[in-house]
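Chemist: Let me give you the structure first, and then I'll get to my questions.
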Amino acid sequence: MAEELIYSDPQLRGILGRVRTIAMVGASPNWNRPSYFVMKYLLEKGYGVVPVNPRAAGQEILGIPCVATLAEVPGAIDMVDVFRAGEAAGAIVDEAIALRETKGIAVVWMQIGVRNDAAAARAEAAGIEVVMDHCPKIEYGRLNSELSWGGFNSRIISSRRRKVHIR
Amino acid sequence: MSKTDKNQFGFETRMIHAGTPPEPITGARQTPIFQNTSYVFHDADHAASLFNLQTFGFIYSRLTNPTVAALEERIASLENGRGATCCASGHAAQILAFFPFMEPGDAFIASNRLYGGSITQFGKTFKKFGWQVHFVDVDDPENVRQALTPNCKAIFVESLANPGGVVSDLETLADIAHEAGVPLIVDNTMATPYLCQPFEWGADLVVHSMTKFLSGNGTSVGGCVVDSGTFDWSQNDKFAGLTEPEPAYHGLRFYETFGDMAFTTHAHAVGLRDLGATLAPMNAFQTLLGVETLSLRMDRHCANALEVAHFLEGHDLVDWVSHAGLDSSPYRALAKKYLPGGAGAVFTFGVKGGYEMGVKVVESCELFSHLANIGDTRSLILHPASTTHRQLSDEQRTAAGAGPEVIRVSIGLETVGDLLADLDQALQLAAKSGKHAAE
């Protein structure tokens, strides 16, 4: 049994607060796929999201041109969000490590069910922060009280008044 | 979910704070009662995202409401679950618990000692949905194993059975359920999450009648289904409702899309949407207030109940007492394991003199209220054979611990000496009138 993955709320809050642009590897053009849900949500929250998927390259997903590889993403990438199986994640992480300097990649985030401890160790050795087996949409919603609207246990307790942002 | 901050706060803190941070717009510290049906969309795209379940938010209070959601998160937190779905009653919670994965022709196994209302719902009304229940005596795990069939989708028990004194061996039952690839569903109404934590012992879903100890004051009918988030719905092909494309959401697969949130999302987006058994926001508010004092009340409920049980056990007119906190109880060992903080406040006793004596004792009480509820601040008394368990056959009544001589009490928070005095005078009065009738 692999070691339990533990990420603190301040760590996740820090990542989701610092990151501006996200390359989503494995983004699907089908509206009822989980990756589409996450991409749409993150765009609504103000993140720049570029879909990366060789099979959909050249198409638009949610109005954004899809590219085939991380290297083809125009501009900087703060975070790579991996919507691919754990085995495929290794090659994606290696590509992210190679592009770390040129693209400014600071975080690799692997989705729920995606875990590759060896790749994570390589990324961390290269100075990239890694989150595995979690979803940025769910964590963003959880940390901003939105998950609670659906009856979910956010595990957050606070008597401080939360700031309401006007977009 | 971040696994880091699991149980960062203690039970009592979560009882008061979970799900209810200050309201961010006004700063109101107590939870507002959102007496409201519908919620304004930002624009058409936002509406589309909500209806497609692509974003979090409110559409219509049949599905979700902010006051109800606050209570859901609080119960989910107290049970250490992933999410909760509150609904109109405990009976509604039982339908919602089975609805996501049961199809016509499916079956489940349930304890034959369940609360009489559950036995009637499962045995009679569920049959009309094509859901078949097999009632077994779960005290012998072999009975459960033998009742397993290929179409069996779940095992259902009460942690502490109503009317009384029976404790289920949750850990063993969870093992049997998981070997068969089905979830263990536990009705935790009588124990509450303060006395029993079914998920710690391997249960997968918990249901509550919140009408009882959670709301605590006899003000509000309500129910809740809590999902542990740990059951793998894709381990076999039994749970198509959660794993296969959902036609009502354009082929969305709930388990693939929502992972450990799938059950609770389905229970709202399909269950409450189409069954409509919604909890009213005012009832959610009353229940939130009740839960704030749950631990204090349960400690006192349990202490009073044990004292009453000891008193009755020594009473000349009482034949037996079934309370899992008594040394005489065959469930004492199980109670020590699963209910370390106390064996609850609802129990039964048998009066000498059978059905007639049972009815007379109930009618002779002055302080105990004769009514069909449990888990109130007030002490309550009932003769199950003539009321709650009336719809059952004689065999079912006996199996359920509700035979002709049985009286059920739910011990409240009054001065315990007053409770002993009231039961004593009722027993004496009933015995005297019985003697007169005989003469």
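The values are calculated or read from the model by the stated rules, or taken from the named source; none is laboratory data. Model, not experiment: these values are computed from the prediction. Cβ: placed from backbone, ideal geometry, glycine included. Neighbour counts: every protein chain shown.
Chemist: Within region A:31-60, which residues are over 12 Å from the mean Cα position of the chain (by Cα) and more than 17 Å from B:Leu50 (Cα to Cα)?
Modeler: A:Gly46, A:Val52, A:Asn53, A:Pro54, A:Arg55, A:Ala56, A:Ala57, A:Gly58, A:Gln59, A:Glu60
Chemist: Now for a different question. Please count how many residues of region B:77-90 are facing chain A (nearest Cβ under 9 Å) and surrounded by fewer than 24 Cβ atoms within 10 Å (Cβ to Cβ).
Modeler: The first filter runs over region B:77-90 and keeps only residues facing chain A (nearest Cβ under 9 Å), leaving B:77, B:79-86.
Now drop any that are not surrounded by fewer than 24 Cβ atoms within 10 Å (Cβ to Cβ), which leaves B:80, B:82.
Residues that pass the stated criteria total 2.
Chemist: Check B:Gly353, B:Gly271 and return the single one that is in contact (Cβ under 8 Å) with a residue 60 or more places away in the chain and within 30 Å of B:Thr37 (Cβ to Cβ). Write out each step before concluding.
Modeler: Details: B:Gly353 fails: within 30 Å of B:Thr37 (Cβ to Cβ).
Just one listed residue meets the conditions, B:Gly271.
Chemist: Could I ask something else about it? Sort out for me the helices (runs of 4 or more DSSP H) sitting completely within region B:311-405 that have 1 or more residues that are in contact with an Asp or Glu (Cβ under 6 Å, 6 or more places away or on another chain) and closer than 20 Å to B:Lys435 by Cβ. Please lay out each step first, then the result.
Modeler: Numbers: elements: B:332-338, B:354-364, B:394-399.
Counting at least 1 such residues, we get B:354-364.
Chemist: Residue by residue through region A:43-53, note down the ones that are buried (at least 21 other Cβ atoms within 10 Å of the Cβ) and among the hydrophobic types (A, V, I, L, M, F, W, C).
Modeler: Taking region A:43-53 and keeping what is buried (at least 21 other Cβ atoms within 10 Å of the Cβ), we get A:49-53.
Listed by number, the residues that qualify are A:Val49, A:Val50, A:Val52.
Chemist: Here is a further query. Kindly list the number of the only condition in (1) part of a loop (DSSP other than H, G, I, E, B); (2) touching a Phe, Trp or Tyr at 6+ places or on another chain (Cβ under 7 Å) that fails for B:Glu414.
Modeler: (2)
Chemist: Based on what the data block shows, is B:Val221 touching a Cys at 6+ places or on another chain (Cβ under 9 Å), at negative phi, not assigned by TED's automatic domain parsing to the domain that holds B:Ala345 and not basic (Lys, Arg)? Full working, then the answer.
Modeler: Working: touching a Cys at 6+ places or on another chain (Cβ under 9 Å): no; at negative phi: yes; not assigned by TED's automatic domain parsing to the domain that holds B:Ala345: yes; not basic (Lys, Arg): yes.
The answer is no for B:Val221.
Chemist: Ok, one more. Quick one: which of B:Thr125, B:Thr67, B:Thr149 is part of a loop (DSSP other than H, G, I, E, B) and β-branched (Val, Ile, Thr)?
Modeler: Details: B:Thr125 fails: part of a loop (DSSP other than H, G, I, E, B); B:Thr67 fails: part of a loop (DSSP other than H, G, I, E, B).
Result of the check over B:Thr125, B:Thr67, B:Thr149: B:Thr149.
Chemist: Looking for something closer than 30 Å to B:Thr387 by Cβ, touching a Gly at 6+ places or on another chain (Cβ under 7 Å) and not in a helix (DSSP H, G or I) - is there at least one such residue anywhere in region B:96-108? Talk me through it step by step, then tell me what you get.
Modeler: Within region B:96-108, the subset closer than 30 Å to B:Thr387 by Cβ is B:96-99, B:102, B:107-108.
Checking which are touching a Gly at 6+ places or on another chain (Cβ under 7 Å) leaves us with B:96, B:99.
Next, only the ones that are not in a helix (DSSP H, G or I) stay: B:99.
Yes, that holds for at least one residue.
Chemist: I'd like the full set of residues that are closer than 24 Å to A:His134 by Cβ and of a type in the set (Val, Ile, Thr), limited to region B:227-283.
Modeler: B:Thr230, B:Thr243, B:Thr257, B:Thr264, B:Thr265
Chemist: Something else now. Output the number of the condition that B:Arg74 fails; it satisfies all remaining conditions of (1) closer than 22 Å to A:Ile138 by Cα; (2) surrounded by fewer than 21 Cβ atoms within 10 Å (Cβ to Cβ).
Modeler: It fails just one condition, (2).
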